[in-house]
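Heads up, the thing below is written out as structure tokens.
The values are calculated or read from the model by the stated rules, or taken from the named source; none is laboratory data. Note that the coordinates shown come from a computational prediction; the quantities given were computed from them, not determined experimentally. Neighbour counts run over all protein chains shown; Cβ positions are idealised from the backbone, glycine included. Accessible surface areas use protein heavy atoms only, side chains included; no ligands, DNA or RNA. Shrake-Rupley method; radii C 1.70, N 1.55, O 1.52, S 1.80 Å.
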Amino acid sequence: MAYFRRFLRHRTRLLLGVLAIPLAQSLDVATTILVGQALDRVRQSSEVDWLSTTLWLLAAAAIGHAFFRFWQRWLIVVVSRRFEVELKQELFDHLVRLDFAFHDRSRSGDLVSRLTADVEALRMFLGPGLMYTLGAVVIVPISLGWLMTLNLWLGLAIGLPMIAVGLIMKQLSPRLHRESTAVQESLADISHRAQEDFGGVRVVKGYHREAAQTRRFERSSAQNRDNQVQLGRARGLTHAAINGSFDLTFAVILVVGGLAAIDRTLPIGDLFQFVDLTLKVFWPLIALGWIAGMYPRAVASAERVDTLLATRSALEAPAAGTELAAPAQGGLSLEGVGFTYPKGTTPALQGIEVRVPPGGSLGVVGPTGCGKSTLLLLLGRQMDPQEGTVRLDGTDLRSLPLAQARGALGYVPQDAFLFSVPYADNIRFGADGELSDAQVAELIDQAAMTEEVARFPEGDRTLIGERGVTLSGGQRQRTCIARALARDPRVLVLDDCLSAVDTETESRLLGTLREAGSGRTVVVAAHRLSTVASCDEILVLSEEGTIAQRGTHEELVACDGWYRDTWEQQQRRESQGAPNPGGAA
Ligand SMILES: Nc1ncnc2c1ncn2[C@@H]1O[C@H](COP(=O)(O)OP(=O)(O)O)[C@@H](O)[C@H]1O
Ligand SMILES: [Mg+2]
């Protein structure tokens, strides 16, 4: 019940809100009693003095009731909203820090619904749920008790249908909640489908699949319609049950109370109190049943939220005090590194042994799936190898604070992801501090994007569409390079991020990178061998994730093997003017 403790953080406000509940409810009952008694006195006497006293009392009770009711809602609902925001924030903070492996196995849609639907279910249960429950707990016994003092048998007689309505609601509300969840899920599905189809509109059009996608959308809509119908049915049933019990209660009051009134054993004013208090007690009872039905869902949500909060990152936080003595130099080494993905059956990397001195450059090549991206991810401690050690300046990454292990690195992922924010903000994202406009312009220039950015409608303030759809693949890749350069990293890690850039721009860009980053360590994985040709050392990985060949470009083309074959193939294609296969890995 960790979230319950979070809820209780606001106990002062909660306590004040809870105190207001009996005050509001008693004053509500008091107005009924005042009017009922006034009715009888009007019949019995013709004086008017007491009438004005009653009116004053009535006004005071009504104002007090309104005040306390507002107060109770204000405090409790506001607390529940704060709780919601805090829990959401905490959950987000936790999730965004969890390791890469966790996000790899989680569907982002699931995480989003944990963050929204589950937190909302908890809020409803703890906030309004608490308020309505306490309200009912106060008003039902007070009212029924009071009515029984007026007429014991009539009091008992109306108690029964009231208890029935609570039980009916408790029975029906799980169904109501279930159907409304189904409606929400199918709505989410519709928007997910539409979003995906609009996002992938080029593929849809390219394959001329508009009609098929429309049919798929129709199926989602039909599902939603069916769910809405089910929900409507459940609601209709609930309303019918509530109205039925309502009418039954009034029938009981009319028959039993009416007979007693004819006998003159029950004054008319008391009969009025029966009617009015029944009306006032009914809704809290219905709410109580509704909350009871919400309970299973709140418990399930609480469990899911708890499980997430209890998930620990597989990357253990290192002990403090083992920080690098000086700013990182950028020397990297992998010693006997072996790595297998949690879901992988065979190792992605085995026996990797390599050393890159500060300022040196390493190329990583090999067939698709040989482990290039995996090797690069280990450098930034996105994951820990099961075997061997990865070191930065001789220190095991596992013994460095994450901020230091990653802080020295500018990482450009294979998938050039951009946020839907202004262009320049995507670059600023990479920097640890603030960047001036001139610095951003300089980075854009280093990434060979200046001319293209100038042609954007609003220059570097142009908003980038979702996942950067308004940019070409090559433009996105170069923007990601500028983002990595923004932190002026000691180590630049490029994961096949020039595949969509033409060879000419590529060599210009590599030249600039070399110039601008003198002393910077560079590790670059590539499909196109020309990208790595100038590296101090090149590793050729085999399909099994071992080192098949190593050496400089000149050494590697001089001997038989995958490198020379691939180099010759790519050179032939290049001279024939055919595009190089890019971005396949
Ligand atoms: N998240 C993952 N979970 C399980 N296996 C993975 C994952 N990512 C990559 N692999 C597997 O690990 C191997 C190496 O992948 P990767 O490093 O991406 O290769 P490359 O970048 O050289 O194409 C491949 O066999 C791939 O299928
Ligand atoms: Mg890759």
Which value, in Å³ per residue, describes the convex hull spanned by the Cα atoms of the stretch 136-278? 115
Candidates per GluC sites (Glu not before Pro) in the stretch 425-522, loop by DSSP, up to 11 other Cβ within 10 Å: GLU434, GLU458
Stretched out fully, how many nm does the piece from ASP40 to LEU8 gain, at 0.36 nm a residue minus the Cα gap? 6.8 nm
With only alpha-carbon atoms in the gyration tensor, what are the semi-axes of the equivalent ellipsoid for the stretch 295-412, in Å, largest first? 32, 20, 12
Compute the Kirkwood hydrodynamic radius of the stretch 415-489, taking the inverse of the mean of 1/r over all pairs of distinct Cα atoms, and give it in Å to one decimal. 11.9
State, to one decimal in nm, how far the label point of LEU19 lies from the label point of ALA211, with both points 7 Å from Cα in the Cβ direction. 7.2
Name all residues of the stretch 276-305 having a backbone nitrogen under 12 Å from the label point set 7 Å from the Cα of HIS94 along its Cα→Cβ direction, giving them as ranges. 302-305
Considering the Cα positions of the stretch 119-194, please state its Rg to one decimal place and its Dmax as a whole number of Å. 18.7, 62
Run through every distinct alpha carbon pair of the stretch 320-359 and return the Kirkwood hydrodynamic radius in angstroms, one decimal place. 12.5
With the other protein chains left in place, how much accessible area per residue, in square angstrom, belongs to the chain at a 1.4 angstrom probe? 51
With the alpha-carbon atoms as the only input, what is the per residue convex hull volume for the chain in Å³? 217
Please give the FRET efficiency for VAL78 paired with VAL201, using the beta carbon to beta carbon distance and R0 = 51 Å, rounded to the nearest 0.05. 0.75
10 Å Cβ shell holding at most 10 others, DSSP loop, trypsin sites (Lys or Arg not before Pro): longest site-free stretch of the chain: 344-585
Share of carbon and sulfur in the accessible heavy-atom surface of the stretch 2-310 [1.4 Å probe, %]: 65
Take the alpha carbon atoms of the stretch 290-319, find their center, do the same for the stretch 213-243, and report the distance between the two centers in whole angstrom. 29
Any idea what the alpha-carbon Rg over 2.2 N^0.38 Å comes to for the stretch 2-310? 1.33
Give the aspartates and glutamates reachable from LYS280 as a straight Cα distance under 12 Å; neighbours fewer than 8 places away on the same chain don't count. ASP28
Need the full-extension length gain, ALA59 to VAL255, defined as separation in residues times 0.36 nm minus the C-alpha distance. One decimal, nm. 67.3 nm
Would you kindly derive the ³J(HN,Hα) couplings of the stretch 400-405 from the backbone phi angles with the Karplus curve 6.51 cos²θ - 1.76 cosθ + 1.60 (θ = phi - 60°), listing them in order in whole Hz, with x for Gly and Pro? 9, x, 3, 4, 7, 4
Relative contact order for the chain: what is it in percent, counting Cα pairs under 8 Å that are at least 6 residues apart? 14
With loop defined by DSSP as not H, G, I, E or B, and exposure as at most 16 other Cβ atoms within 10 Å, which is the longest segment of the chain clear of exposed chymotrypsin sites (Phe, Trp or Tyr not before Pro)? 208-416
With only helices counted (DSSP H, runs n ≥ 4, each -39500 (n - 2.57)), the per-residue ellipticity at 222 nm for the chain, to the nearest 500, works out to -20500 deg cm²/dmol
Assuming R0 = 45 Å, what is the FRET efficiency of ALA558 and SER436, from their Cβ-Cβ distance, to the nearest 0.05? 0.40
